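Inspection log for the structure reproduced underneath, given as structure tokens.
The values are calculated or read from the model by the stated rules, or taken from the named source; none is laboratory data. None of these values were measured; they are calculated from a predicted model. All Cβ positions, glycine included, derive from the backbone under ideal geometry; neighbour counts span all protein chains shown.
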Amino acid sequence: MNALTEFQAETMQTRVAFHPFLAGMNRGQLALLTDCAMPVEFNKGQLIFREGGCANQFYLIESGKVVLESGADSGNPVIVDTIGAGDLLGWSWMFSPHTWHFTARAIESTKAIFFYGTILRQYCERDHSLGYELLKRMTAVMNRRMQAARNKMVAVHHRKETLEPVPHLSPFMEQELDVSVSERL
């Protein structure tokens, strides 16, 4: 490995290890995740994935914002959620039939860590503790988003709210780290 490749690998290792969604995972699990990871950037308005498409990846958002939309084929899409720094984007890669249930679009310039879900599923089959850790974290996100969607539907039903985006703050960002990521790099 040359010096540049080592630096890039170390940087990705650091980015994965310090992402709030993965806080508390052991070194072996983080190494497997790093092996499947690469940095990505999305411009404002850029489509990340489309409802009904093949789900074979997921993202951990580092900066920027992404909206989840549904129903674009039937007219104006409904914004289901807004996702920001510190949160997970996409869990359909983990569940059969591995198709996206929503469309994701960057509404700000967004930096994220991309993970190859097909490779990671194989790692989870070999290391069930990795799969369990990811499943626990993803189901917490799924539960929180479903409750937010339910609350929004009830509010719309009672005419207290419209189907506009609701800002989403990640609980993972609340986990204070002793040293900021920028100080560690």
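Could you say whether any residue in the stretch 40-54 is of a type in the set (D, E, K, R) and surrounded by 15 or more Cβ atoms within 10 Å (Cβ to Cβ)?
Yes, because at least one residue in the stretch 40-54 is of a type in the set (D, E, K, R) and surrounded by 15 or more Cβ atoms within 10 Å (Cβ to Cβ).
In a residue-by-residue description of the stretch 163-172, the property of being part of a helix (DSSP H, G or I), exposed (fewer than 15 other Cβ atoms within 10 Å of the Cβ) and modelled with pLDDT under 70 applies to at least one position. Going through (1) closer than 20 Å to Ile61 by Cα; (2) touching a strand residue (DSSP E or B) at 6+ places or on another chain (Cβ under 9 Å); (3) aliphatic (A, V, I, L, M) one by one, Leu134 falls short only on (2). Specify which of the listed residues (Leu68, Leu60) is surrounded by 20 or more Cβ atoms within 10 Å (Cβ to Cβ), under 19 Å from Lys136 (Cα atoms) and aliphatic (A, V, I, L, M). The match here is Leu60.
Looking only at residues in the stretch 63-90 that are at pLDDT 90 or above and outside any strand (DSSP E or B), the one that is nearest to Cys36 (Cα to Cα) is Gly90. Taking the conditions (1) more than 13 Å from the chain's Cα centre (by Cα); (2) modelled with pLDDT under 95 in turn, Ser109 satisfies each one other than (2).
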